[in-house]
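> Quick one: the structure is below, questions incoming.
The values are calculated or read from the model by the stated rules, or taken from the named source; none is laboratory data. Just so we're clear, the structure is a prediction, and the values are computed from it rather than from any experiment. All Cβ positions, even for glycine, are placed from backbone atoms using ideal geometry, and neighbour counts span all protein chains on display.
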Amino acid sequence: MSMNNQGRPSSAVGGGSSDAFETFSGHKGLRLAEPLIYEIGNHETTGVDVEEPSDFTSSLGALERDGEIGCAGLSEPDAVRHYTRLSRLNYGIDMGVFPLGSCTMKHNPRLNEKMARLPGIGDIHPLQPQSTVQGALELMQELSHWLMTLTGMPAVALSPKAGAHGELCGVMAIRKALEARGDAREVILCPESAHGTNPATAAFCGYKVKSIPGKENGRVNLEALKDALDDTVAAVMITNPNTCGLFENEVRDIADAVHSAGAFFYCDGANFNAIMGKVRPGDLGVDAMHFNLHKTFSTPHGGGGPGSGPVVFSDALKAHVPLPYVVKTSDGAMELKEWPTSDGADPTLGRLTAFHGQMGMYVRALSYMLSHGGDGLKQASEDAVLSANYILAALQDVMTASFDGPCMHEALFDDRFLKDTGVTTLDFAKAMIDEGYHPMTMYFPLVVHGAMLVEPTESESKYNLDQFITSMRGLAGEAAAGKTDRFAGAPYLAPRKRLDETQAARKPVLRYRAPEETP
Amino acid sequence: MRYLPLTGDDRQQMLDKVGVASVDELFRDVPSGDLNPRIDLPRHKSEIDVERTLSRMAAKNTAAGSVPFFVGAGAYKHHVPATVDHIIQRGEFLTAYTPYQPEIAQGTLQYIFEFQTQVAQLTGMDVANASMYDGSTATAEAVMMARRVTRKKRALLAGGLHPHYRAVVETTTQFTDDEIVAFKAQPADPHTELQAIIDSIDDSTSCVVVQNPTIAGHVMDLAPLAEAAHAKKALLIVVVTEVMSLGLVKSPGEMGADIVVGEGQSIGNGLNFGGPYVGLFATKQKYVRQMPGRLCGETIDADGNRGFVLTLSTREQHIRREKATSNICTNSSLCSLAFTIHMTLLGEKGLRAIAKVNHHKTQQLKAAMQATKGVEVLNDTFFNEITIRLPKDATEVVDALANQGILAGVPMARLMPDAGVDDLLIMAATETVTEQDIQALADAVKEQVQ
Amino acid sequence: MLKFSEDHEWMLIEDGIATVGITEHAQNALGDIVFVELPEVGASYAKGDDAAVVESVKAASEVYAPLTGDITAINEDLEGEPGKVNSSPMDDGWFFKMTVSDSSELDGLMDEAGYNEFIAGLE
């Protein structure tokens, strides 16, 4: 035989532990530590090739900027590496289950990204002559058609930049409509379980906010609502399905009561993912509802935005839609109406953003809708609701469900099952990180103690759901058994341990300063 | 349907576990008669079909990169390095949520910290937030912040402010305590316009909002305005719609600004027919608690390692509810990442160079327009945008040139329909414009005005 | 004279001036205090008006004027060291001093024993 004795050991040997040493680099294998650009870049390095004009004299005179700006530059390879390393410190939908209640973290199809980058979509200017952007205006029309059809509402405003901006748009339209009929009203009613944006938006529009209590079963207390409704109430803002993950079964009675008091029914559409193709808010008496295209229609959350918050309107409000909007002219061309009529009588609520809203999000949302079709959207909602109920059923013996099921697309638990264990909702959520999951929404809604709101979305396979359930049952079991080590300092296995938010807030450091600049 | 992983068998097993016979039993709270309405929408489509449908719409539009292109007025065609678009599509960035769980969101938080630093440096301010929806909404927020800081209500908007921004401020504040006074635009005489504002500042003034460069492209010395505002305890809010100008033009901070807001689209972000863009918001340290929007701050973790968190969040809607500084709850995070990557690729050297190239191209554009008989250039100063006066209706000229495959600019009348500016045309020239483009434009304009 | 309100504020009245702060019980419930927004010296408040804001990382709470009067001094140390509210709520962590315009307002307030009984009843 020929004996090649250069082979390396091919089975695991050793028996040491990484706990025993620190690396010299500060990196930990694939978990790479990454400094700030200011610590690795400099003023001379650049990652672009830009030829300075040779015979350059600026026309700015004394208005030319002198002195250093302070920007740190990296070469292209270093820039790619810097941001790639940073990316690996993040969790995203692409990496695993992201059961963040109220946020609808569903799969973001890459076809949408490709469509948004078509030159005829991504590389057109909002102020080009309208004759050169007819396809873009047609796309906006098409998206509007889908949104109106799914909701059974006669008008839509596309331009709001995010959900909270959509709320603003909706409540402004309500105030415009009330003013148009000479009816000054002062109050907006919000349930205790409302998203924080609802009262903030109402205040923004000059309204006082009154809270209406919930019922034992997690729904709005209709009797309390009726008692609070009088001729000072402008609107009621209700999320449906609500933030407890429940459908407001008395929604028609709510709408009737609101309307007979002369007020409007604003629906927060954050949870529309439960009812696409299943229920039309227009049938229920809703006057205005915003969508979150980044929730329901899969446009990427992107680490906190950009969002997009179109609003659908009832006949009673549609005259007040904001500018600009697209109309189809008699010859079939698309026209963008950008300014109110000059007589001052235009009922529009005005302009909410410089241009036409989030076109990049419109195309992604439309791509998602066309892909699903009416049939697929309905199936998606059914799957989202079924998955949430499956989780509820699989966990309710070890965790405490806040309300009786069935739920809609999210399941709400509270911390009663952790009573006397020494484990808090926060600890439990952080332990999920060590299990490889993003935590659920915690401490929201405020109406239950130590809330844990789990929203699986329709994007998870049964295998993924079962794995997730196994982890959750395991954690609940450990807590119940008094084995709290894995909770106390969790997460242990993430790129960072718990961060000191008190220090961050007491002595805010909000930007990098070079050591010599630091006061 | 390719995005839905559950199989028929899975669904049945799950229904069994839940203990219902059909999925519609889970919708039992929906009023009877309202469940499963007939909805008239097409059935699902394959990738090929969706791509075909949307590509057909896209093909009807004239892409900026396909023609000589001089359209600006608040959104600018710049070259975005390929690296930017590659990195922002990494799933760890694209599909992350708001970094409320900092232990698994340091990537997002660290780039926000870098972004805040870059914006503060560019604007010459102490601090910047994690971004706003866009420049126009940031401007409205700045006006309301000035009211909180000064406890005064009267905001003066300069005539050189983008008319859409003015409209957004007016719309956003229509039901708040703010009182908005908008000055008439004088595109041909920016100095008179500025003086009119200075003369109107009084003790009730909360802020003066001025855009630099102006909508007509003029670059102004704002120091006298800052002085006049501060003498009456009013804030100076400077709006920058072309952020690349800050590579060449003296920063608003150096001229005395208290709040700087801007549109960051020019760096890292495409035109996208108007959005998504990225609003910039910077101010002085002493006003930080009155700022709207998210802020990221440095801290340490339990092991003493540096890390970043969202901080000072008691200003925000999810905590203060109706007492919040704003109802905003998103930032434009992915767009701010694009901004940050592009800024990092540019660095000090690249930013300065690209700003010079923009200015130089516009010098060439100005010379070409001045050489065209019948055309008057209104600008003595400018960065990468000028306004010209034509001997005829500017919209007609723009439409005629569009038919020839040249996008010549924005007729000022499109932005202020009733202001008697039908003969004015705003034109921008960035690094993407070639000398041939300028020549083609000049030839076509010449033909139109003859 | 040391008095307490049901809103968990204490006031020490000396020579017609009330020094106002929040109680040990309150600071404990709020957690780490990260910021205190104080009124301006010279400002006038009616009893029950919002006079200051105290913030922890995740919450903001209003501090009400416990009496009607004018602010005569504020504790500027809290600007740099809000943690004093946690470490010394009844002493170094005081918020502001105000005049006592209407001494009859003192009648409805609790003494220390009464307050201790009050908070015991909350649990």
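> Out of A:Val171, A:Val233, A:Val156, report the one residue that is buried (at least 17 other Cβ atoms within 10 Å of the Cβ), among the β-branched types (Val, Ile, Thr), more than 30 Å from A:His301 (Cα to Cα) and touching a residue at least 40 places away in the same chain (Cβ under 8 Å).
Criteria check complete, one pass: A:Val233.
> Collect the residues in segment A:93-148 that are more than 7 Å from chain B (Cβ to nearest Cβ), in a helix (DSSP H, G or I), in contact (Cβ under 8 Å) with a residue 24 or more places away in the chain and under 22 Å from the mean Cα position of the chain (by Cα), keeping them in residue-number order.
Of everything in segment A:93-148, those that are more than 7 Å from chain B (Cβ to nearest Cβ), in a helix (DSSP H, G or I), in contact (Cβ under 8 Å) with a residue 24 or more places away in the chain and under 22 Å from the mean Cα position of the chain (by Cα) turn out to be A:Asn112, A:Ala116, A:Met140, A:Leu143, A:Ser144, A:Leu147, A:Met148.
> Let me ask another. Would you check which residues across segment C:32-74 are assigned to a loop (DSSP other than H, G, I, E, B), out of contact with any Asp or Glu (no Cβ under 6 Å at 6 or more places or on another chain) and without any contact (Cβ under 8 Å) to a residue 40 or more places away in the chain and list them?
C:Glu40, C:Val41, C:Gly42, C:Ala43, C:Ala46, C:Gly48, C:Asp49, C:Lys58, C:Ala59
> Further question on the same structure: Mind checking which residues of segment A:206-227 are surrounded by fewer than 22 Cβ atoms within 10 Å (Cβ to Cβ), touching a residue at least 12 places away in the same chain (Cβ under 8 Å), within 14 Å of chain B (Cβ to nearest Cβ) and not aliphatic (A, V, I, L, M)?
Listed by number, the residues that qualify are A:Gly206, A:Lys208, A:Lys210, A:Ser211, A:Asn217, A:Gly218.
> May I pose another question? Does segment A:464-475 contain any residue that is among the hydroxyl-bearing types (Ser, Thr, Tyr), in a helix (DSSP H, G or I), facing chain B (nearest Cβ under 10 Å) and more than 22 Å from the chain's Cα centre (by Cα)?
Looking through segment A:464-475, none of the residues is among the hydroxyl-bearing types (Ser, Thr, Tyr), in a helix (DSSP H, G or I), facing chain B (nearest Cβ under 10 Å) and more than 22 Å from the chain's Cα centre (by Cα).
> With the structure loaded, tell me whether B:Leu109 is more than 8 Å from chain A (Cβ to nearest Cβ) and in contact (Cβ under 8 Å) with a residue 40 or more places away in the chain or whether it fails that test.
When the stated conditions are applied, B:Leu109 passes them.
> Would you tally the residues in segment B:78-106 being more than 7 Å from chain A (Cβ to nearest Cβ) and of a type outside the set (Val, Ile, Thr)?
6
> When only residues in segment A:149-179 that are part of a loop (DSSP other than H, G, I, E, B) and among the hydrophobic types (A, V, I, L, M, F, W, C) count, which is farthest from B:Arg38 (Cα to Cα)?
A:Ala162
> Every residue in segment A:302-317 that is within 23 Å of the chain's Cα centre (by Cα) and more than 7 Å from chain B (Cβ to nearest Cβ), please.
Result: A:Ser308, A:Gly309, A:Pro310, A:Val311, A:Val312, A:Phe313.
> Of these, B:Ala146, B:Ala182, B:Ala158, which one is assigned by TED's automatic domain parsing to the domain that holds B:Ser266, crowded, with 24+ Cβ neighbours inside 10 Å and within 25 Å of A:Leu127 (Cβ to Cβ)?
None of the other options fit; the residue is B:Ala158.
> May I ask you to verify whether B:Gly256 is free of Cβ contacts under 8 Å to residues at least 60 places away in the same chain and over 14 Å from the mean Cα position of the chain (by Cα)?
The answer is yes for B:Gly256.
> May I pose another question? Give segment B:291-337 a look and list any residue that's assigned to a helix (DSSP H, G or I) and at pLDDT 90 or above, or say none.
B:Ser333, B:Leu334, B:Cys335, B:Ser336, B:Leu337
> Given the condition facing another protein chain (nearest Cβ under 9 Å), acidic (Asp, Glu) and farther than 30 Å from A:Pro310 by Cα, answer yes or no: does some residue in segment B:258-278 qualify?
No, every residue in segment B:258-278 fails to be facing another protein chain (nearest Cβ under 9 Å), acidic (Asp, Glu) and farther than 30 Å from A:Pro310 by Cα.
> Still on this structure, please answer the following. Sort out for me the strands (runs of 3 or more DSSP E) sitting completely within segment A:241-337 that have 1 or more residues that are touching a residue at least 12 places away in the same chain (Cβ under 8 Å) and crowded, with 24+ Cβ neighbours inside 10 Å.
Because the criterion is at least 1 residues that are touching a residue at least 12 places away in the same chain (Cβ under 8 Å) and crowded, with 24+ Cβ neighbours inside 10 Å, the strands (runs of 3 or more DSSP E) in segment A:241-337 that meet it are A:264-268, A:288-290, A:311-313.
> Tell me, which residue of segment A:318-345 that is in contact with a helix residue (DSSP H, G or I) (Cβ under 9 Å, 6 or more places away or on another chain) and of a type in the set (Asp, Glu) is nearest to the other protein chains (Cβ to nearest Cβ)?
A:Glu338
> Filtering segment A:149-161 down to residues that are touching a Ser or Thr at 6+ places or on another chain (Cβ under 6 Å) and at the interface with another protein chain (Cβ under 9 Å from one of its Cβ atoms), which residue is farthest from B:Ala408 (Cα to Cα)?
A:Lys161
> Within the group B:Thr344, B:Thr432, B:Thr395, which residue is part of a helix (DSSP H, G or I), β-branched (Val, Ile, Thr) and within 20 Å of the chain's Cα centre (by Cα)?
Of B:Thr344, B:Thr432, B:Thr395, the one residue that is part of a helix (DSSP H, G or I), β-branched (Val, Ile, Thr) and within 20 Å of the chain's Cα centre (by Cα) is B:Thr344.
> Conditions first: (1) in contact (Cβ under 8 Å) with a residue 60 or more places away in the chain; (2) among the hydrophobic types (A, V, I, L, M, F, W, C); (3) out of contact with any Lys or Arg (no Cβ under 6 Å at 6 or more places or on another chain). B:Ala96 passes all but one, so which condition is the exception?
(1)
> Follow-up question, since we're still on this one. Have a look at B:Ser131, B:Ser66 and point out the one that is surrounded by 24 or more Cβ atoms within 10 Å (Cβ to Cβ) and polar (S, T, N, Q).
B:Ser131
> Search segment B:27-56 for residues being hydrophobic (A, V, I, L, M, F, W, C) and in contact with a Gly (Cβ under 8 Å, 6 or more places away or on another chain), and hand back the single one that is surrounded by the fewest Cβ atoms within 10 Å (Cβ to Cβ).
B:Ile39
> So A:Lys430 fits all but one of (1) modelled with pLDDT of 95 or more; (2) not in a helix (DSSP H, G or I); what number is the exception?
A:Lys430 satisfies every listed condition except (2).
> While we're here: Going through B:Ser32, B:Ser22 one at a time, which residue ends up being more than 7 Å from every other protein chain (Cβ to nearest Cβ) and closer than 22 Å to A:Glu460 by Cβ?
The unique qualifying residue is B:Ser22.
> Suppose we filter segment A:192-230 for residues that are under 20 Å from A:Ala288 (Cβ atoms), more than 21 Å from the chain's Cα centre (by Cα) and either polar (S, T, N, Q) or outside any helix (DSSP H, G or I) (or both); how many remain?
Here the count works out to 9.
> Going through segment B:27-72 one residue at a time, which ones are in contact with a His (Cβ under 7 Å, 6 or more places away or on another chain) and either closer than 27 Å to A:His356 by Cβ or assigned by TED's automatic domain parsing to the domain that holds B:Thr387 (or both)?
Scanning segment B:27-72 gives B:Ala64, B:Val71.
> Of all residues in segment B:114-127, how many are more than 7 Å from chain A (Cβ to nearest Cβ) and not β-branched (Val, Ile, Thr)?
Of the residues in segment B:114-127, 4 are more than 7 Å from chain A (Cβ to nearest Cβ) and not β-branched (Val, Ile, Thr).
> Right, another one. Taking into account only those residues within segment C:2-26 that are out of contact with any strand residue (DSSP E or B) (no Cβ under 7 Å at 6 or more places or on another chain) and not in a strand (DSSP E or B), which is surrounded by the fewest Cβ atoms within 10 Å (Cβ to Cβ)?
Applying the filter and picking the extreme gives C:Asp15.
> On to the next question. Could you tell me which of the residues A:Glu39, A:Glu51, A:Glu34, A:Glu44 is in contact (Cβ under 8 Å) with a residue 40 or more places away in the chain and among the acidic types (Asp, Glu)?
Going through A:Glu39, A:Glu51, A:Glu34, A:Glu44 in turn, just one is in contact (Cβ under 8 Å) with a residue 40 or more places away in the chain and among the acidic types (Asp, Glu): A:Glu34.
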